[in-house]
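Below: one structure, written as structure tokens.
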Amino acid sequence: MGNPPAKYLSQIAGSLPETADLFRKEITQLATDFEKKKWEFTLPHGKTLMIDRPLIMGILNVTPDSFSDGGQHNSGETAYRRARQMLDEGADIIDIGGESTRPGAGAVSVADEWQRIGPVIQQLAKLPGCIISVDTYKSDVAKRALENGAHIINDISGARFDPAIADVAAAFNAPMALMHIQGEPRTMQQQPNYHLLMEDICRELKKSCEFVRSRGVMQILLDPGIGFGKTVENNLEILRRLREFGIFGHPVLLGTSRKSFIGRVLDAPVEDRLTGTIISNVVGINNNAAVLRVHDVHQHRHALQLIHEIKIRKCP
């Protein structure tokens, strides 16, 4: 069996009944073939992002109410210092957000969001080696961020909440990270419900991909949306079957850092979820995650270094 285009694989995957294990295994193998490739993204402002190994995206929430680190980096100066620390620890990308998307969170205005993240983006843009992702679903915020030095748009809605964001990305030739979410942040965890989990997620991601491509965005990362309209069991199944997202031919972004499913499984508060986060991300790496979105950069850099050495170092 040859390697059909990813769009056909996703159509097949979307129609599979949950019990069709033999067919799913075949598609998983084909997906793995796609995931072995390397990606080179051309970024705005003359930069390039090479994804030929697992990358670390450091989380910088410039918010008063994010679930894990809300209020810790409210001022531009403290946020900038934290970003510099993550870069020193080995972050490949800094992902800056000015609106909390934790379960139950409400929206903030474009003006407030930009007031929070704008000064940090402007400072970080002066650093030659810093690649900046902006965590927003608003086209106006994305446009300002890209104008001021950002390189990637990370949209939790998969371009559904504000479709004009795809036009902004295309105008700047900026890659987009498209995430799956069921519902919206304020209500997404009230009653998550799926017919066939992976098939439903793939179907929605396929729609997002087709939409942004129609607007001219060809550089795409896909995020299955751990914790965004998902039960604990949903999140665990996504991790087990993560490599199946390779059917699309795009790198997979994984965000498990300190999330509530880890706390539920381990009976651990937010501040005690580092071990669970690292383990979930190791599972992700083994299932071909390309980018890890994390709070704890130093510890994940060590984990990736050890994984690399285990894979390549041979006995003399």
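Nothing in this text is a laboratory measurement; each read-out follows from the coordinates by a stated rule. Since the structure is predicted, the reported quantities are computational estimates derived from the model, not experimental observations. Cβ coordinates were reconstructed from backbone atoms using ideal geometry, including for glycine residues, and neighbour counts include every protein chain displayed.
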In order over the range 297-303: 3J(HN,Hα) from phi, Karplus 6.51/-1.76/1.60, θ = phi - 60°, whole Hz, x for each Gly or Pro, gives 5, 4, 5, 6, 4, 4, 4
Mean shadow of the range 218-316, computed from the convex hull of its alpha carbons, in nm²?
7.8 nm²
Using the alpha-carbon centroid of each, what span in Å lies between the range 160-232 and the range 103-154?
18 Å
Only bridges whose two residues both fall in the range 6-312 count here: according to DSSP, what percent of them are antiparallel, nearest 5?
15 percent
Suppose each label sits 7 Å from its Cα in the direction of the beta carbon; what would the residue 218-residue 286 distance come out to in nanometres?
3.7 nm
Residue 309 to residue 200: FRET efficiency via 1/(1 + (r/R0)^6), r the Cβ-Cβ distance, R0 35 Å, to the nearest 0.05?
0.35
Over the chain, relative contact order from alpha-carbon pairs under 8 Å, at least 6 apart, %
20 percent
According to the Kirkwood expression over distinct Cα-Cα pairs, how big is the hydrodynamic radius of the chain, in Å?
19.7 Å
In debye to the nearest 20, the charge dipole size for the range 6-312, taken about the Cα centre with +1 at each Lys and Arg Cβ and -1 at each Asp and Glu Cβ, equals 440 debye
Which residue fluctuates most in the GNM of the chain (Cα springs below 10 Å): 54, 44, 128?
128
Hypothetical label at residue 39: residues of the range 143-180 whose amide nitrogen lies under 18 Å (7 Å Cα-Cβ projection):
151-160, 166-167, 169-180
Sort 50, 188, 176 so the one with the fewest other Cβ atoms within 10 Å of its own Cβ comes first.
50, 188, 176
Which entries of 230/311; 259/311; 207/259; 47/230 have Cα-Cα distances beyond 31 Å here?
230/311; 47/230
If each of residue 187 and residue 111 carries a label point 7 Å out from its Cα toward its Cβ, how far apart are those two points in nm?
2.8 nm
Hey, what number do you get for the chain at 222 nm if only DSSP H runs of n ≥ 4 count, each worth -39500 (n - 2.57), divided across all residues, to the nearest 500?
-13500 deg cm²/dmol
Filter the trypsin sites (Lys or Arg not before Pro) in the range 271-316 down to the DSSP loop ones having no more than 16 other Cβ atoms within 10 Å, then list what survives.
313, 314
